[in-house]
1. Of these, L262, L269, which one is of a type in the set (A, V, I, L, M), closer than 25 Å to R368 by Cα and at pLDDT below 95?
2. Among (1) among the acidic types (D, E); (2) surrounded by fewer than 24 Cβ atoms within 10 Å (Cβ to Cβ); (3) farther than 18 Å from V221 by Cα, which single condition is D196 missing?
3. Of (1) out of contact with any strand residue (DSSP E or B) (no Cβ under 8 Å at 6 or more places or on another chain); (2) modelled with pLDDT of 95 or more; (3) within 19 Å of I111 (Cα to Cα), S68 satisfies all except one. Which?
4. Cβ-Cβ below 8 Å, separation at least six or inter-chain, first residue in region 451-472 and farther than 17 Å from K385 by Cα, second part of a loop (DSSP other than H, G, I, E, B) and of a type in the set (G, A, S): which pairs?
5. For region 287-298, does any single residue satisfy the condition of being under 18 Å from the mean Cα position of the chain (by Cα) and part of a loop (DSSP other than H, G, I, E, B)?
6. Does any residue of region 140-153 turn out to be of a type in the set (A, V, I, L, M, F, W, C), closer than 24 Å to V264 by Cβ, surrounded by fewer than 24 Cβ atoms within 10 Å (Cβ to Cβ) and touching a helix residue (DSSP H, G or I) at 6+ places or on another chain (Cβ under 7 Å)?
7. Go through region 397-433 and give me each residue that's part of a strand (DSSP E or B), free of Cβ contacts under 8 Å to residues at least 12 places away in the same chain and over 19 Å from L382 (Cβ atoms).
8. Hand me the list of strands (runs of 3 or more DSSP E) wholly inside region 80-170 holding 2 or more residues that are modelled with pLDDT of 95 or more, among the aliphatic types (A, V, I, L, M) and closer than 30 Å to D42 by Cβ.
Amino acid sequence: MTLKIRIIFLFWLVGSFITGFAQTQTLDPQIKDDYTDIAGLDHYKEWAGYNVHDPSCIKVGEYYYVYSTDAIYFPRNAERKNPEVKQGNIQVRRSKDLVHWEFLGWALDKIPDEAVQHIRSVSGGKEPQNVWAPYVLKQGNTFRMYYAVSLFGKKTSYIGLATSTSPIGPWTQAGDVVKTDSTSLMNAIDPTIVNDVVNGKQWMLYGSYFGGLYCVELNPVTGLLVKEGDQGHLVVNRAEAKSRVVEAPEVIYNSQFKKYYLFVSYDALFTHYNVRVGRADKPEGPYFDMNGKNMADTTNNYPILTYAYRFQNHAGWAGVGHCSVINDNGAFYMLHQGRLAPTNQPMVLHVRKMNWTQDGWPVVSPERYANVPQSKIEKNELIGKWEQIELTEIADKTQLWQGQIRGGWKYDTTLFNNSKSLELLANGNVKNQKDLHWKLIGQSLELVNAATKAKLELLIWREWDWENKRPTIVFSGINKQGLGVWGKKTL
């Protein structure tokens, strides 16, 4: 190689490095996972996407708004009081890109009087401490915020409605929707609303593992019940329902498949909280899982879309449940909380891109959304090493109470779905797996087992590798057992 050619090559190499580095810096959201230094109330203006629990998302104009339970992680010795803050009354934040969030404050000045009075009357005078799991929608020119007030671990609960002409309030109480007490079959928490695209009827789904999830008809004009005192019909239950959690319904409609999709959360809030999904022809159900099982039966449903997981170079995420799903002009996103290991206590807002398999089931990205530009992925880009995670079900090693952890959490990587190595070879084989082959079909990676003829469709797209802070390619799919399969390309 001549000196001139060497100099040209050197300039090209340096230029390529600078370009790649600049692109990485541009894509990097510059958001850390551990926010414990600003978790306390003295830093609430800095919270952004931190201290988020039970999110509900709506897009208004150029902004996405998120409303959430006022759950706050307090580091040891942190101040739990701040005279500027009305605690317990629904956090509000907004974003233009679903990545960077602005904390706006709290929606309500206090827990609504109607809710407090109900809880006192059915609990022997006990006081509720905060407002849970809001759900916000726009009906005509009015914003409606449904919310829950309850005593933890009890069926003494209340779902109410507040309205506003603005997504940031002020909010005016419009009445109670569903009330429950210790004698009720169901629990009046975790509301979500869905409209019938054919006849315009409106339905609210709500509930918890105290009896399962229920569906009741609302009056679209008032936002309250069509029939006063109605508590609806059962739409979701699960095996071991008296001791195992099912809660947090969310329903969206997909016009491509002409189906309503019901997302629910299973298991322990601090550990293996996970999202599952079923679908129906009508918003009021019945809903069926991928195996054709009615979700109202006492069985467990599949597929599993999220679960406690850990990629390399990271401590792991637990509690990845209680989701909100939005359809932004045909682009679907799932929002949920993630609890950062090793303590599983700090709560960070996770946003994940959602795509759809050919047979009409949703899958979500293994990486949080970072607004990475999309372009066609070529076959040669898939060759090389990947980290793969199968979202298997893991037994808890701690004693649970009301879906929580009793006696504390001990960090153990076996309680996460951990990544394994997968290497795709240029000849279409998979290294060290003689019967497994791969090929690119459109924008899907297809894995084929030559011995069993089994095929696995894995949708591929570009994302940000939050663990290693660089662009990557990810895949997401559902195997025959109904377990989510995640992967990301490594260097």
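The values are calculated or read from the model by the stated rules, or taken from the named source; none is laboratory data. Predicted model, so just to flag it, every value in this text is computed and none were measured. Because the Cβ atoms are built from the backbone with ideal geometry, glycine has one as well, and the counts that use them run over all protein chains shown.
1. Values: L262 fails: at pLDDT below 95.
Going through L262, L269 in turn, the sole match is L269.
2. Condition not satisfied by D196: (3).
3. (1)
4. Once the first residue is farther than 17 Å from K385 by Cα and sits in region 451-472, its partners that are part of a loop (DSSP other than H, G, I, E, B) and of a type in the set (G, A, S) give W466/A370.
5. Let us first name the residues in region 287-298 that are under 18 Å from the mean Cα position of the chain (by Cα), namely none.
No; the residues of region 287-298 include none that is under 18 Å from the mean Cα position of the chain (by Cα) and part of a loop (DSSP other than H, G, I, E, B).
6. Yes, there is a match, as at least one residue in region 140-153 is of a type in the set (A, V, I, L, M, F, W, C), closer than 24 Å to V264 by Cβ, surrounded by fewer than 24 Cβ atoms within 10 Å (Cβ to Cβ) and touching a helix residue (DSSP H, G or I) at 6+ places or on another chain (Cβ under 7 Å).
7. Looking only at region 397-433, we keep the residues that are part of a strand (DSSP E or B), and these are 399-401, 404-406, 417-418, 420-424, 429-430, 433.
Keeping just the survivors that are free of Cβ contacts under 8 Å to residues at least 12 places away in the same chain gives 399, 406, 429, 433.
Within region 397-433, Q399, R406 meet the criteria.
8. Values: elements: 91-95, 102-106, 132-139, 142-150, 157-164.
Filter on region 80-170 gives 132-139, 142-150.
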